[in-house]
Amino acid sequence: MALLSSNPSELQMAGSAVPEADLLRHYTRRKHPRFNFLGGCDWDFFTSPSGGKSGIIDNVSQGGCLLRTDETIDHRRWVRILVKEARHNIWFTSVGRIMRREDKMESWDQHGITLYRYGIEFVHPLNQLILEQIKDSCSACASCGDPSATIPDLFQPNTLYCVLCHLRKACHNLLVQDGLDSA
Ligand SMILES: [Zn+2]
């Protein structure tokens, strides 16, 4: 299977921490297209029976993804990710290694708070059929999955929201701002 050959340029990025500002540029430079597939996942330490943990994956490409979680994971540790995305019927498991980490607290409607963002490099390239499914799902609203998403996110490339989620976000931002101003 030709797909199994590792791409050397993918491996070279195994390095020390990339400054946060460089992270997105880093992604866009990469050879494989990345999809803004934002979804919940279960993950565990591949080599030790520590039980499943929950996280959020994003920026999926053939060679890797971004994993958000509230757990600390050591650099270069092996993790296994299980995605069961019922909305678009996307199910896959992938094993990869932690290559980068960003400390960034983010809050999510359904998934609580995540503290870290890890760049993961898959051991085997993601199956092409899965990638196609992910690609097809990307015109959906990044927040609720509504397929009629038309409003682009100003800060995240290729991320769309439906009208309702866009309004909800806008209101949320206003409230946050209001709270800060009056504090
Ligand atoms: Zn939506």
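Quick note: the coordinates plus some simple rules give every number you see, no bench work behind them. What you see is a predicted model; the values in this text were computed from it and never measured. So basically every Cβ, Gly included, is an ideal-geometry build from the backbone, and we count neighbours across all protein chains shown.
One table, with the values for the structure above:
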{"item": "Within-12-Å neighbourhood charge of Ile130 [Cβ basis; K, R +1; D, E -1]", "result": "-2"}
{"item": "Environment charge at Gly112 (Cβ cut-off 13 Å; Lys +1, Arg +1, Asp -1, Glu -1)", "result": "-2"}
{"item": "Thr150-His75 pseudo-label distance in nm [points 7 Å out on the Cα-to-Cβ vector]", "result": "4.7"}
